[in-house]
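Undergrad: Mind having a look at this structure? Questions to follow.
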Amino acid sequence: MISHIVRNVTLGSLGTLVALEGYYGWRCRDWRHDNRPVEYQNRIDPRIKPTKDENILLKCIRFIDIYAVKGIMTYVLTIRNQTHYFGVHNLRDAMNRPEGVGLLTVCNHVTTIDSASLFAPQMHFRDLLDTRNCGLWNVAREDQPFGTRFLSMICPLVKIMPIFRGGGVYQIALSNFIQRVKFGEWCHIFPEGRTYQDQLKSCWDDQHRRIRASGRTGPPNRSLGPMKWGVGRVVYETTMQDENTKCAFEEGINNGKLIVLPMYHLNMEQILPEAEDLKVISPIPGKKKEVYCMFGKPIDFSDVLEGSKEKLASCKTQEERDKMMYVIYEELTCRVEKALESLEYELKAVRKWDQN
């Protein structure tokens, strides 16, 4: 009798959960650029709001889904494999940021599970109870996680947003992402814009530089690939003050609005290796590998942002101003690149010392 009741309650609860997943998945669904509804094509998605203001049932669904992902990824990195973390206090300090301050984490891109897995072991249960830190908003190439209607419903529930590769720095998908940052959420972006794995010949040119399909390259003998300027736009539009207010960097926060935290990792290509065509060889993660991950200090953009005011003031036409914006985005992106480059060399030295 009791077992019958327990079974019915369990089945009923699972049925309710599935129904809620479907309902909120449909309401929160996102689109590829080529099938985005007309009313969402040229304006920020009006459904975007601070997660603390979202429906309580939607918050619960997100919590359950993200907690499940956290559990799986924690198993992959800490039980199936071993991960060495450094500078975790920098991440903890950033997560404890003041209300209304956005957190943008940036790192090198090696596998499709980088952002889902590397943060998972450092996200405590109590962190997930804070809607700002219950997972992180991430942009992913739209043709992969948003390739089917089912996936386009599931991804937004675990805070994945589509981005159109090749859509330009002003595409609406990036504007939607920026809105999340402005609301004080934890967001993540890969400045390289694609994965790079050391063992792939297609990722290097004959001078041992990272290379993109467009022909852009990074410096020789560096694992980081060339950066895309979208991250510069995110930083600028989130932090920029009016002309009469001096740009500041206090306690890791740019202009009281944004923390940009760099992170670098090594050996993830051993967990989820790709073939030369960049397709994953096997969806089953490797095992008994050692991963290294280092969190740096927040990046200071105050001098670049202050200098941008003079640059824009010198522009006499809108066309000049538009061109100058790209210069500013590039300068901000270069600041991110330098921070990641510094972490790369530091972490490689740590790995070399650890393996000797």
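Throughout, read-outs are computed from the coordinates displayed, never taken from laboratory work. Here the structure is a predicted model, which means the values were calculated and not measured. With ideal geometry, Cβ positions are generated from the backbone for all residues, glycine too; neighbour counts draw on all protein chains shown.
Undergrad: Restricting to the chain, what percent of DSSP beta bridges are antiparallel, rounded to 5?
TA: 35 percent
Undergrad: What FRET efficiency, computed as 1/(1 + (r/R0)^6) with R0 = 45 Å and r the Cβ-Cβ distance, is obtained for residue 84 and residue 149, rounded to the nearest 0.05? The partial results should precede the final answer.
TA: Working: r = 40 Å, r/R0 = 0.89.
About 0.65, to the nearest 0.05.
Undergrad: To continue, here is another question. Largest first and in whole Å, what are the equivalent-ellipsoid semi-axes of region 231-356 based on the Cα gyration tensor, each being the root of 5 times an eigenvalue?
TA: On the way: eigenvalues 281, 69, 27 Å².
Rounded to whole Å, the semi-axes are 37, 19, 12.
Undergrad: Pick from 99, 341, 39: which is most flexible by mean-square fluctuation in a GNM of the chain where alpha carbon atoms under 10 Å apart are linked?
TA: It is 39.
Undergrad: For q = 0.15 Å⁻¹, what log10 I(q)/I(0) does region 4-91 give under the Debye formula with an equal point scatterer on each alpha carbon and no solvent?
TA: -0.90
Undergrad: Using the beta-carbon distance between residue 52 and residue 208 and R0 = 41 Å, what value does 1/(1 + (r/R0)^6) give for FRET efficiency, to the nearest 0.05?
TA: The calculated FRET efficiency here is 0.30.
Undergrad: Determine how many Å³ per residue the convex hull of the Cα atoms of region 155-227 encloses.
TA: Cα convex hull per residue, to the nearest whole number: 120 Å³.
Undergrad: Provide Rg over Rh for region 1-55; use the alpha carbon set for both Rg and the Kirkwood Rh (inverse mean inverse pair distance).
TA: Values: Rg = 18.1 Å, Rh = 14.4 Å.
Rounded to two decimals, Rg over Rh is 1.25.
Undergrad: With springs only between Cα atoms under 10 Å apart, run a GNM on the chain and tell me which of 334, 315, 60 wobbles the most.
TA: Result for the chain, Cα springs under 10 Å: 315 fluctuates most.
Undergrad: At 37 °C and 0.692 mPa s, what whole-number value in µm²/s does Stokes-Einstein give for the translational diffusion of the chain, with Rh from the Kirkwood sum over Cα pairs? All intermediate terms of the calculation are to be shown ahead of the outcome.
TA: Numbers: Rh = 21.6 Å.
Using the Kirkwood radius from Cα pairs, D works out to 152 µm²/s.
Undergrad: Would you calculate a helix-derived [θ] at 222 nm for the chain, using -39,500 (n - 2.57) for each DSSP H run of n ≥ 4 and dividing by the full residue count, to the nearest 500? Mind dumping the intermediate values first?
TA: Working: 10 runs with 144 residues, N = 356.
Theoretical 222 nm ellipticity from helices: -13000 deg cm²/dmol.
Undergrad: Next up: Label point 7 Å out from residue 321 along Cα-to-Cβ: which residues of region 236-253 have amide N under 13 Å?
TA: Residues passing the 13 Å test: 243.
Undergrad: Given 37 °C and 0.692 mPa s, how large is the Stokes-Einstein diffusion coefficient of region 128-265 in µm²/s, with Rh as the Kirkwood radius over Cα pairs?
TA: Once the numbers are plugged in, D ends up at 194 µm²/s.
Undergrad: Only Cα pairs within less than 10 Å get springs; with that Gaussian network setup on the chain, which residue of 194, 233, 36 has the largest fluctuation?
TA: Largest GNM mean-square fluctuation: 36.
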